[in-house]
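Participant: Before I ask anything, let me first share the structure, which is written out below as structure tokens.
The values are calculated or read from the model by the stated rules, or taken from the named source; none is laboratory data. All of these numbers come straight from a predicted model, not from anything done at the bench. Cβ coordinates were reconstructed from backbone atoms using ideal geometry, including for glycine residues, and neighbour counts include every protein chain displayed. What goes into the accessible areas is simple: the full protein's heavy atoms, side chains included, and nothing from ligands, DNA or RNA. Shrake-Rupley method; radii C 1.70, N 1.55, O 1.52, S 1.80 Å.
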Amino acid sequence: MRKKLETLLAQAGIEITDSQLDQQITLVEQLNKWNKAYNLTSVRDPEQMLSRHIVDSLVVLPYLQGQRFIDVGTGPGLPGLPLAIARPECEFVLLDSLGKRTRFIRQFCHQLQLSNVTAVQSRVEDYQPEAKFDGVISRAFASLNDMLSWCRHLPSAQGRYLALKGIYPTDELAQFEQTFGDEFEVEAIHRLQVPGAEGERHLVIIKTRG
């Protein structure tokens, strides 16, 4: 598995250290182990998890700006855990409403002694952070409109929303423009290349106007 992940990361142009590579493999092993009892992810094959979970998360790395991030609707820690492993100098809050998911995240962080991750079990609209975030990240969590409605209390004044999508979200962007066009603007849309994963991937970055 290690060799395959090395190859996928090289194809994606992502560089991490050897120890971080080992931690990413451990994450896949633990996801696979917990999945048998707790059904954390629909991806059953550990080999598929390498591309569909690890690389699919790490392709966001070049677009992270700042030090403090929240992954909303993180599920079993995706993309938050792979990103936190790759960016130990940054702080990550991983938020999900299901206890089995946050328990997995806490156990994994304890096992690997990841000190830059905080797991929070809460609905996103109920969560009140002590400090605002440089980036609000979501992966297959909600529509752009719902993300902005539920998460508008989370970013700092200069913070960004980073929404990971599959195919180019034409309809969502039109609805966003209609509802939030006066308050927010799309800063960029990046097509992401995820070796080994089928289908398109896009990252929509949104900021406050002004």
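Participant: Could you tell me which of the residues Tyr63, Tyr38 is in contact (Cβ under 8 Å) with a residue 24 or more places away in the chain and open to solvent by 70 Å² or more (accessible area, probe 1.4 Å)?
Facilitator: Tyr38 is the lone residue from the list that is in contact (Cβ under 8 Å) with a residue 24 or more places away in the chain and open to solvent by 70 Å² or more (accessible area, probe 1.4 Å).
Participant: Of everything in the stretch 88-124 that's assigned to a strand (DSSP E or B) and over 21 Å from Gln67 (Cβ atoms), which residue is most open to solvent (accessible area, probe 1.4 Å)?
Facilitator: The selected residue is Gln121.
Participant: Counting only residues that are crowded, with 17+ Cβ neighbours inside 10 Å and small (Gly, Ala, Ser), which one in the stretch 125-138 is farthest from Leu78 (Cα to Cα)?
Facilitator: Gly135
Participant: Could you please find all residues in the stretch 49-69 being under 26 Å from Gly99 (Cβ atoms) and either among the charged types (D, E, K, R) or assigned to a helix (DSSP H, G or I) (or both)?
Facilitator: Met49, Arg52, His53, Ile54, Asp56, Ser57, Arg68
Participant: Would you mind stating whether Phe141 is among the aromatic types (Phe, Trp, Tyr), part of a loop (DSSP other than H, G, I, E, B) and either open to solvent by 20 Å² or more (accessible area, probe 1.4 Å) or more than 23 Å from Arg52 (Cα to Cα) (or both)?
Facilitator: Yes, satisfied.
Participant: Can you tell me which of (1) open to solvent by 30 Å² or more (accessible area, probe 1.4 Å); (2) of a type in the set (Val, Ile, Thr); (3) within 17 Å of Leu61 (Cβ to Cβ) is the one Val204 doesn't meet?
Facilitator: That leaves (1) as the condition not met.
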